[in-house]
Amino acid sequence: MSTPLEHDYIGLAETSSMERSSEKISSSSSSSIPSNIEDKTTNNPSLNLKETELRLGLPGSESPERKLSLFGKDLETNDKSNGFAGIPLKNLVSGAKRGFSDAIDGSNGKWVFAINGKSDVELGKGAVLASPRGGLDSKTNPQQVRTSVPVMKEVVGVPQSPKPVQDKKNLVPPVNEHASAPAAKAQVVGWPPIRSFRKNSMASNLAKNSDEAAGCLYVKVSMDGAPYLRKVDLKTYNNYREFSSALEKMFSCFTIGQCGSNGDGLSESRLMDLLHGSEYVLTYEDKDGDWMLVGDVPWEMFTDSCRRLRIMKGSEAIGLGIPSKSHGEMQEPELMQKTWKKHRILYSTTLYTYVCAFRYYSLMYLVEVREKRDCIRQIMALKTYPII
Amino acid sequence: SSRRSSFPDEVLERVLSLLKSHRDRSSVSLVCKDWYNAERWSRTHVFIGNCYSVSPEIVARRFPKIRSVTLKGKPRFSDFNLVPENWGADIHAWLVVFAAKYPFLEELRLKRMAISDESLEFLAVSFPNFKALSLLSCDGFSTNGLAAIATHCKNLTELDIQENGIDDKGGSWLSCFPESFTSLEVLNFANLSSDINFDALERLVGRCKSMRVLKLNRSVSLEQLQRLLVNAPQLAELGTGSFSEELTFRQYVELESALSNCKNMHTLSGLWDAKGIYLPALYPVCTHLTFLNLSYAALRSDELAKLLAHCPRLKRLWVLDTVEDKGLEAVGLNCPLLEELRVFPADPFDEEIIHGVTEAGFVAVSFGCPGLHYVLYFCRQMTNAAVATIVQNCPDFTHFRLCIMNPGQPDYITNEPMDEAFGAVVKTCTKLQRLSVSGLLTDLTFEYIGRYAKNLETLSVAFAGSSDWGMQCVMGGCSKLRKLEIRDCPFGNAALLSGLEKYESMRSLWMSACNVTMNGCRLLAREMPRLNVEVMKEDGSDDSQADKVYVYRSIAGPRRDAPPSVLTL
């Protein structure tokens, strides 16, 4: 497949920064919903319905066309095979959700699974990641509202069965109601019935709380091929071992499902093989948006910097430089090097601090010793001894 | 023979002027012509539930002495983005008439109306005696409009800006209150996001000695809050700003002391991003609190439990579902006087959520709070048995709004529809006025509603029902029904037309994403000329389908300001 090659590290990084900025903008877009509902559709010339309909990336984002072809190709093939008819390709937003975009790298099975599965949770989830994750307070209110991310959500939700779907679109400003007409029937606008102001407050509240709340450090864990994400509280684990066993338990149901044909008695060891072997790789996104291999840094540093986790299939991890079945150790040093590079500054700063501290304390010690010595000399010179 | 009334008119007017309830007044005005006239001359406050049901000229003609107006505009589902943009409900036409006929107007309370900055400026300069402005869920204006109000309304006592679609251009509007201005009693800007000039606020609060309601926005810090409270211990309702910065011990003590000086405080809200460690500062206030709004503070169950242990007199509580069932158990244990509970979802769109509340929390509250009569509950799972238990414990429900967030979800234990749950509600709670249903529901639910909910006035239905029969039951059975809002239900023309006789006694009907067709609507419009039948079509939908239908009674005839997307039949 040609497409996976495009998922090189650089490409993903671009996606990630785009995603972050799209997250930011979509979250500020949702926070600006109550501020300017009218402006969005009628007065603001830079944003009209059509634009949101067709928008693929962010305004001024580089090469949206490239993104279109990158993912568009996949979707065209997927379209035909999944009877995904009627959805304008252009409506799909690339780089919207990292997990999502990776999930559609040509694996038809996953695509179908996500769509026809229990619900469009994964995709919706991915989209949900946008707004809360952006986590910006409602103080910033750029008028150039971008709803590209949510548009993706709603379109993707279309091929669902006629049964109404859990709504993800409440993060979307009213614009979308008018935007994608064929999709309108199967969507759930305005559900659950919560006023815009509260929705937006909750979105930013949640981001803050999930990130810094005392005693809780919830991060989302996605697994490729699983129908929905899970959340784990990193604070409840003390080391990598506890953490990975908890993850295994959590996701065993999915892996069991996937290798059900291999026999019913899926033992712990088989599961461990799956997770620890070349089949699955545990990665996390850190504060800077880089995807790192779990296990390289001390546990505390990991919990501090981990934003979310992803259990990747080895075959997809090619671009991340994560060892996969076919590419073996070749990629590993790259990742290790990256980890080192990233933390190099931290390490060297720490070292420098220690050195400085050492010098300071040794200096103080010397000064003290000298002072003491002078003091004693003076006393001796007096030839009298103080009564203590 | 000349008929003499038992009272001279002046006495009658004097007596009637003591009547405040607008329903009583309506009844009075129907007695006879004398009473009708006496009532209209003595009425000072008019409540208009649907701004298009009457025109401002008609109001002015009937009531010459109005000083206070309450107006509601768009259908309620506009809060959830179901109503198209620029649908209408513009206040300006009303203001123009009021400026001519009621120059002494003092109060204006608007809900879901469209207001522009020009309208606000016009308001500010046209009514020299203007005192109270309350805007809830309105849109179309910006903080410039607020600046105009602050600048020109010399007698302003109330400025209440809640949950509006406001274009927040900055906080300088607050500085527009002149230094000589001292009459403000109610100031609520909790839902604005920009920073305001704190010094201006501090001075304003300092010189408005009768201020009793102060609701700050998130930009006000804890330290600033303390400074404000020191100058305003008389506050009865407080909405704090952000409740989460780092405080030194001394600052914390000062805050606690400032709060404990507020002996009159009965309502507390705000508490944005509240951190559990600072909540104890609130304990002195909690002892006499009757309304606690924690719906913007994502507290955990233990934090809530500790706080509620100090709130024995609580009557109204709004929380987020981060408190989970354990937190609600604490509610049941600590607040026996509770009458109203609202539980909002912290993360409504996250399906794979490990938290939130379940039926267990609701049941726990019902055991501890038998006086509960108003509930709004967002959850992800519910059972018929739980609801039956709840209403058995609390038979006095007047408002029962249950939202199971996954549309069409059945009882998660028995997998049956939730019909019996709502059946139990309507059978047991004879005083029920407002009901919102959710979950998997068949026509049986509506049969129950039609048969038992005789006092029901407002019904909200979403993703429910199996056929027209459901709606027909409701239209036929609920004699006091005034507002019916339906979305995404399989009700068609037969259902719509079954209420033909009924719509004139109702305020409004909303049906969206149902099976109603244009022909059905046209028929309705033809048969009932005193109803306005408005259809909002969505782009690209079938020509014969009526995507959104809004039907309401009106003595003002079809409206002339409808946008092109709204067709009046």
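Could you grab me the full set of residues in the stretch B:261-277 that are among the charged types (D, E, K, R) and either in a helix (DSSP H, G or I) or within 14 Å of another protein chain (Cβ to nearest Cβ) (or both)? Scanning the stretch B:261-277 gives B:273, B:275. Residue-level analysis places residue B:104 outside the set of residues that are hydrophobic (A, V, I, L, M, F, W, C), farther than 28 Å from residue B:208 by Cα, touching a Phe, Trp or Tyr at 6+ places or on another chain (Cβ under 9 Å) and outside the structural domain of residue B:512 (by the TED database).
Quick one: which of B:81, B:50 is outside the structural domain of residue B:436 (by the TED database), under 30 Å from residue B:537 (Cβ atoms) and without any contact (Cβ under 8 Å) to a residue 24 or more places away in the chain? Of the residues listed, the single one that is outside the structural domain of residue B:436 (by the TED database), under 30 Å from residue B:537 (Cβ atoms) and without any contact (Cβ under 8 Å) to a residue 24 or more places away in the chain is B:81.
When the stretch B:382-408 is filtered for residues that are touching a Phe, Trp or Tyr at 6+ places or on another chain (Cβ under 9 Å), in a loop (DSSP other than H, G, I, E, B) and farther than 14 Å from residue B:328 by Cβ, the ones remaining, listed by number, are B:383, B:397, B:398, B:405, B:407, B:408.
Test residue B:516 against the stated conditions and say whether it is within 14 Å of residue B:83 (Cβ to Cβ) and either modelled with pLDDT of 90 or more or within 14 Å of chain A (Cβ to nearest Cβ) (or both). For residue B:516, the condition - within 14 Å of residue B:83 (Cβ to Cβ) and either modelled with pLDDT of 90 or more or within 14 Å of chain A (Cβ to nearest Cβ) (or both) - is not met. Condition check: buried (at least 16 other Cβ atoms within 10 Å of the Cβ), modelled with pLDDT of 60 or more, β-branched (Val, Ile, Thr) and within 23 Å of the chain's Cα centre (by Cα). Does residue A:221 satisfy that? In short, yes. Against the definition (within 14 Å of chain A (Cβ to nearest Cβ), in contact (Cβ under 8 Å) with a residue 40 or more places away in the chain and surrounded by fewer than 23 Cβ atoms within 10 Å (Cβ to Cβ)), how does residue B:90 come out, yes or no? Criteria met by residue B:90. None of B:328, B:333, B:338, B:317 is more than 13 Å from chain A (Cβ to nearest Cβ), part of a loop (DSSP other than H, G, I, E, B) and either of a type in the set (Asp, Glu) or farther than 22 Å from residue B:453 by Cα (or both) except B:338. Just one of the listed residues (B:50, B:81) is polar (S, T, N, Q) and on the phi > 0 side of the Ramachandran plot, namely B:81. Remark: residue B:423 matches the filter, which requires a residue to be at pLDDT 95 or above and on the phi < 0 side of the Ramachandran plot. Considering the stretch B:185-200, and only residues there that are more than 14 Å from chain A (Cβ to nearest Cβ) and modelled with pLDDT of 95 or more, the residue that is surrounded by the fewest Cβ atoms within 10 Å (Cβ to Cβ) turns out to be B:185. Restricting attention to the stretch B:152-174, which residues are within 14 Å of chain A (Cβ to nearest Cβ) and in a loop (DSSP other than H, G, I, E, B)? Listed by number, the residues that qualify are B:163, B:164, B:168, B:169, B:170. Only one of the numbered conditions (1) surrounded by fewer than 17 Cβ atoms within 10 Å (Cβ to Cβ); (2) under 24 Å from the mean Cα position of the chain (by Cα) is not met by residue B:206, and that is (2). For residue B:296, the conditions (1) over 30 Å from the mean Cα position of the chain (by Cα); (2) within 19 Å of residue B:215 (Cβ to Cβ) are fulfilled apart from (1).
The values are calculated or read from the model by the stated rules, or taken from the named source; none is laboratory data. Remember, it's a predicted structure, so these values are computed and weren't measured experimentally. Ideal geometry is used to build each Cβ from the backbone, glycine not excepted, and the neighbour counts take in all protein chains shown.
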